Structure formats: structure tokens, C-alpha cells
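What follows draws every value from the coordinates through simple rules; no lab data is involved. Everything quoted here is computed from the prediction, not taken from an experiment. As a convention, Cβ positions derive from the backbone with ideal geometry for all residues, glycine included, and neighbour counts pool all protein chains shown.
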2 protein chains.
Amino acid sequence: MNFVSVLEDIATKDLQELENCVEQAISEDKFIYETCEPLFNGGKRLRPVLFLLCSRSLGDCPIEKTLPLATALELIHTASLVHDDILDNAQKRRRVQTVNSMHGAQIAVLVGDYLFAKAFQLVAQGNYGSKIDAILSMLVKDLCIGEIMQDRAIFTVPTMTEYYDRINLKTAIFLSTCCKLGAIIAGMEQKDIDSLASYGTSLGLAFQIIDDVLDFFGDEKITGKKIGGDIKSGVINLPVIRALSVSDEADVLREIVTRREVTQSDIDDALEIIKNTDAVEYCKQRADSHIDSARQNLPFVMKSSVSLALEQIADFVVDRSW
Amino acid sequence: MNFVSVLEDIATKDLQELENCVEQAISEDKFIYETCEPLFNGGKRLRPVLFLLCSRSLGDCPIEKTLPLATALELIHTASLVHDDILDNAQKRRRVQTVNSMHGAQIAVLVGDYLFAKAFQLVAQGNYGSKIDAILSMLVKDLCIGEIMQDRAIFTVPTMTEYYDRINLKTAIFLSTCCKLGAIIAGMEQKDIDSLASYGTSLGLAFQIIDDVLDFFGDEKITGKKIGGDIKSGVINLPVIRALSVSDEADVLREIVTRREVTQSDIDDALEIIKNTDAVEYCKQRADSHIDSARQNLPFVMKSSVSLALEQIADFVVDRSW
């Protein structure tokens, strides 16, 4: 199962139109097109899918009304990935070469900026009004603050509050904003908008926690990411935080994760220490509990087909292997 | 004389309020404030000044109506400088350390992104409508394309058309957009909006040509930039293009400017070759002719005090030493 099939039950045409819009959005300049086209292959489209689903909460919503914003959300996500890959000096993403590895950091900065600007242009053209424009710019600001927070805290062990603040800004607020925007476009009441935003937040927290687990225990062939990448880049994530608080070998683990240069054998040692604790189980429980609360936040007023799709997405997030 | 005194004749309070707004715009997050505050010291504020002046073309324009957009223009300019400094690996800008030299490229990417997002937030809050939002996002896209064009063409000699395309996207469109936005806010007729936009374009072309000359013959203490910086970073500018077409030593010059590693003595040699031609005189004539056409584009319908200020800015651009 993937998100596409979830949405297909509700609106077969929407996702194809989204693909066309994304394609069109990057087609103005030849170099931009050639550089960006591979970036959009293989993406999950989670953010526009959440938005599109929520926009249909109360009934059909004309696709012309939702498409520019759905496209903008995917462009903002991709722009932030392009900039993230500079930060992480990543070579591959979604199994294709990153912009920085192909063209250098300079071009990657500009390509990301271009995608952000294009997103704001689509929203301006979509004429959604200043409330929605403001929500979108706030989202980009929050993403930046989350990444700055992460970058400034690398190689230091965060408290649980710091960890949650970071994954909230980095991931949860984005999913929450997609749901909120959909709910606003659907014309829902404020309390239902808030509920859907809470669904998105909980979903995002669970999503990021599972991402943390997959960083250690994912299948490289499926995730497309190297095992232990977070340790290498100094990002101390939930499995480590948990293992540090329960493992007999916490001192060894702490020494590895706070050191700026680690070898593959260090990463293997860290992995072994984490495996010997309940860290993975603990993370999955945390993720499950966020997914429970996501599910509880789905407003009753919603069309049942949309509710069902959002529940399926929630299940998928905790069960995913990528 | 500086731009502040030009504006002071017309609206003493405006610039002070702009400073307050810029200060407020960067005050939400402690790290952002500490990093960005020095960046805004010593800027010329050319872009918001052009916008504010043009907004008063036909009569007084409430400052509450113009301030968010004026601030957004300065934030966009600063964001693009922060990202440019990553591209150029610059250590200093406006005599203060660049964000990348203080905190690394990672943080500089994010700080620039934050400033772009904050600019779009201010514009959303200012409720200017989708037409103005679209103009602003188009501007950021054009800036990116201009920089990408420049980055991809380093160490190659551009044709005159390529050179003009690049400085148009990099500089002229920005000044033009500031004037155009001011004219729209002022409620001018389309033909006068177009005229003011043309004034801005011509001003921007002259501005960039003088910048090119200052790169070779400016006073480092005044410009705050190293002599020959463009040669070092592979950007081939107008004095070089002219010298290549008229100098007896064009071959030597071509060899230096297209080589990826140059010493100070190479730069001195290039400087000497350029000096022995009419390149500087030629650039100044070109700049003068753009300034003439800028002046001719000032619409008659404008308040004479605004016209006068825009003429003073035009004179200043060609006479400036920084």
C-alpha cells in the first residue's frame, strides 16, 4: 500500500493532476527542469495528499481550488530537502544524486531558493488570501528554526523536551499545516480545523520517531539511506536518547554519539548497544501512542471516506519500512 | 550624501520606522536576531527607499500601508546576500563577518531561508493582494535564475548579451520591481507604472556596471570588498569584456580571467592590462547612458519632490565610490 492508493479511493484524478502541476511548476527554465525533475521522482507526496484529503472533509472541493496549494506544499518540502542535503553533505536522496553532489552547494542553495519562490508564486496565483499565505510563510520559518536548532545542537545529547521541540518544528508542524490548510479550504469550523491540525501534529511526531528507528534498523535498499546516518551527522535521535537512559553501556554509547569523527565500527558498536536495550520497542510504543492520539483527533463531522483514508495513513506511518 | 538624506527631505519618519520594522522582523528568535542584526548595519537601504519614494509619487501614502512591503524588500535583499556569500565563500560583507564565516554554510542557508520566509510573511500580513505577492515571488525566482546563470558561466567570457541578461536578472530587475511596487501602491496608471519600472531597470544596470568598475578600482576601505574579487571567483565583468575586445594584450588577460586559480600578481597584471585600455571610461559612459534613460523615464505626473529625489539617486549611483 502507498499513499497514492489511499487517495485513489477518493479522487483518482487528483494525484495525476498534482504530478502535472509539479511538472509544470519546474518547467519554466531548462536548467531548473533538468535539475529538479529527478528530485520529484519517487516522493511519497505525503504532504499534498494530506492536504487534498482534508480539503475534501465535508464534500467535494474543486481541484482547481486545491491544486496550486497542493503543488506549493510539495515544492516547499522538496526545497527544504535540497537545502538539507547541503547541510548533511548528502550524496543520494530517493536513490538519485542530490543537487549538491551533482552541481555543488552553490547551485543547490539557488535551486532550493527557486523552489521556495515558485511555491509562493503558485499560492499568490491561487489567490487564497492573506490568512493562508501567512500560514505558509510561518511554516517555512518554523522549518528553518527546527533545522537551525538541530544544527546547533549536533553532537550533544538533547533532553526529551528538546528532542520533541526539534521534531515538532522539523516534521510535525509541516504535516499539521497540510491538514490545517485542507480543513480551512474545506470550510470546516475552527474546532474541527484545530482537531485536524492535532491529527497532523501527532502523525508527524510518530512519522519522525519511526524515521529515527529506520535510521538504525531500516533496510538501506528500501530507505535509500545509509544506516547510522544520524550518528555520523551528529543528530542524536530517540533510540539513542532512550538507550542512554537505560543501557549499562550508556557511557560507551555517549562517547560515540558525541564524537565528531566516527568509523563504521563505532556505528556498529552503537547499534549493538541500542539493540541490547528496549529502545526500539520504546520508540514504537511512543509512535503508536501518537498514532492513537492522531486517530482520536479525527473530527466526527468528516466524510467517512476521508476519515478512513486518514486512518490508513496513520497505520501506514507506524508500519512503514521506509 | 546618502540615500537617507534623499528620503529625509520627503519623509523623515519613514526610514526610522523602516529600521524599527526590520529590527522587529528579526526579533522572534534569539539566535536569528544575534546573527542577523549585524547584517542590517550599514546597508544602503536602496531598495526600500526606491519603493517608499515611488509609493509617494502622487501624494502621501500611509506608512502603515507601505512599511511591511518596504521591510520585506530589504529582507529579501539581505537573504540573497547571505546566500551569495555562501556561493562566494565570502568572509566579510559591509565590514562585518558573513554568516557562513561565523557559523558555517549550513546555518547561512537556513538564515537566508528564514529571511525569505519572514519577508513573505510580512507581505501576507500586509494584505497587499495576490498581484503584489506574485510580483515578489517572481522577483526571488529571477534573482535565483540570475545567480544560477552567473554560477554556471564562471571562468567563461560572456557575450555582451549574456552579460546584460545576467546583470538584469541579478540587479536591475530588483530595483525595477521596487519602483513598480511603489507605483502600484501609489495607484498610478499602467503606463506610469511601466515608466517607473523602466527607470528602475536603467538605474539597476548602471548600478551594476559601476559595481563592476569598483571591483577593480574601488577603495577597499570604502567598498569593504577586496580588489579583483570578481576575477578570483570567475565572474567576468564589463571592464574585462571591454578590455578583451580592445587590448593588445587581450590574450594574456583572457588567460588570467578564465583560469581557476589566480595569484595576487595575476590580478595585478589583469588590472594593469585593463588600465591601459579605455575600459573604465567605456563602462562609465555606458552607466551614464543608462542613467540618462532612467531620468527620461520619470513620469511627468509625479510629485516634483519625488522626481527630484529619484534623480538624485540616479546621480548618486554613477558617482558613488562604494
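Can you tell me how the range B:90-212 classifies by the Cα gyration tensor, rounded, prolate or oblate, using a/c under 1.5 as the rounded cut?
Working: a/c = 2.14, a/b = 1.19, b/c = 1.79.
Verdict is oblate for the range B:90-212.
Could you tell me which helices of chain A pass both thresholds, a Cα extent of 24 Å or more along their own axis and a mean Kyte-Doolittle hydropathy of at least 0.5, with helices taken as whole DSSP H runs? Don't skip to the end; give the middle numbers.
Values: long enough: A:63-88 (37 Å, 0.52); A:99-126 (34 Å, 0.76); A:130-152 (33 Å, 0.43); A:190-217 (40 Å, 0.40); A:279-296 (26 Å, -1.11).
Flagged H segments are A:63-88, A:99-126.
For chain B, with a Gaussian network of springs between Cα atoms less than 10 Å apart, report the residue from B:ARG259, B:ARG56, B:ARG47 with the top mean-square fluctuation.
B:ARG259
Could you identify which residue out of A:LEU75, A:LEU143, A:LEU87 has the top mean-square fluctuation in a GNM of chain A using Cα springs shorter than 10 Å?
Highest fluctuation of the listed residues: A:LEU87.
Given R₀ = 56 Å, what would the calculated FRET efficiency be for A:VAL301 paired with A:MET102, taking r from the Cβ atoms and rounding to 0.05?
About 0.75, to the nearest 0.05.
Starting with the fewest neighbours, write out B:MET102, B:MET160 ranked by other beta-carbon atoms found within 10 Å of each beta-carbon. Write out the running numbers ahead of the final one.
Working: B:MET102 15, B:MET160 11.
Starting with the residue having the fewest Cβ neighbours, the order is B:MET160, B:MET102.
With unit charges on the beta carbons (Lys and Arg positive, Asp and Glu negative) and the dipole taken about the Cα centre of the range A:116-227, which residue among A:ILE148, A:GLY218, A:GLY200 sits farthest to the positive side?
A:ILE148
Trypsin sites (Lys or Arg not before Pro) within the range A:146-206: which are DSSP loop residues with at most 10 other Cβ atoms inside 10 Å?
Numbers: sites: A:ARG152, A:ARG166, A:LYS170, A:LYS180, A:LYS191; in loops: none.
Nothing satisfies the criteria.
Within the range A:28-61, whose backbone N sits under 20 Å from a point 7 Å along Cα→Cβ of B:ALA153?
Only A:28-35 pass the distance filter.
I need the inter-copy label distances for A:PHE31: point set 7 Å along Cα to C-beta, values in nm with one decimal, smallest first.
3.1
Nm distances between the label at B:ARG295 and the same-position labels in the remaining copies, 7 Å along Cα→Cβ, shortest first?
Nearest first, the other copies' label points are 7.6 nm away.
About its Cα centre, how strong a charge dipole does the range B:169-221 have in debye, to the nearest 20, once Lys and Arg get +1 and Asp and Glu get -1 at the Cβ?
Dipole size: approximately 200 debye.
Please identify every one of the GluC sites (Glu not before Pro) in the range B:138-202 that sits in a loop by DSSP and has no more than 16 other beta carbons within 10 Å of its own beta carbon. Intermediate results must be reported in sequence, preceding the final value.
Numbers: sites: B:GLU147, B:GLU162, B:GLU189; in loops: B:GLU189.
Filter output for the range B:138-202: B:GLU189.
Let me know the charge dipole size of the protein assembly as shown about its Cα centre in debye, to the nearest 20, where only the beta-carbon of Lys, Arg (+1) and Asp, Glu (-1) is charged.
Working: 66 positive and 96 negative charges, 175 e Å.
It comes to approximately 840 debye.
Given an 8 Å cut-off on Cα distances and at least 6 residues of separation, report the relative contact order of the range A:183-272 as a percent.
Numbers: 51 pairs, mean separation 17.5, N = 90.
Over the range A:183-272, the number comes to 19 percent.
Give me the inter-chain shielding for B:143-153: mean count of other chain Cβ atoms within 10 Å, whole number please. Intermediate results must be reported in sequence, preceding the final value.
Values: counts 4, 13, 7, 1, 6, 12, 3, 2, 6, 5, 0.
Per-residue shielding by partner chains comes out at 5.
For A:GLY104, place a label point 7 Å out from Cα along the Cα→Cβ vector, do the same in each other copy, and report the separations in nm, one decimal, smallest first.
Label-point separations across copies, in nm and ascending: 2.1.
Using only alpha carbon pairs under 8 Å that are at least six residues apart, calculate the relative contact order of chain A and give it in whole percent.
Details: 440 pairs, mean separation 64.0, N = 322.
Over chain A, the number comes to 20 percent.
Under the definition of Cα pairs under 8 Å and six or more residues apart, what whole-number percent is the relative contact order of the range B:168-225?
Relative contact order here is 41 percent.
How big is the equivalent ellipsoid of chain A along its three axes, where each semi-axis is √(5λ) from the Cα gyration tensor, reported in whole Å from largest to smallest? Mind dumping the intermediate values first?
Numbers: eigenvalues 213, 116, 54 Å².
Equivalent ellipsoid semi-axes, largest first: 33, 24, 16 Å.
Positive end of the dipole of the range B:9-61, charges at C-beta (+1 Lys, Arg; -1 Asp, Glu), about the Cα centre: which of B:LEU50, B:THR35, B:GLN16 has its Cα farthest in that direction?
Projecting each Cα onto the dipole axis, the largest value belongs to B:LEU50.
P(r) tail for the range A:149-205, what percent of Cα pairs lie past 13 Å? Kindly include the intermediate steps, with their values, before the conclusion.
Values: 960 of 1596 pairs.
The share of Cα pairs beyond 13 Å in the range A:149-205 comes to 60 percent.
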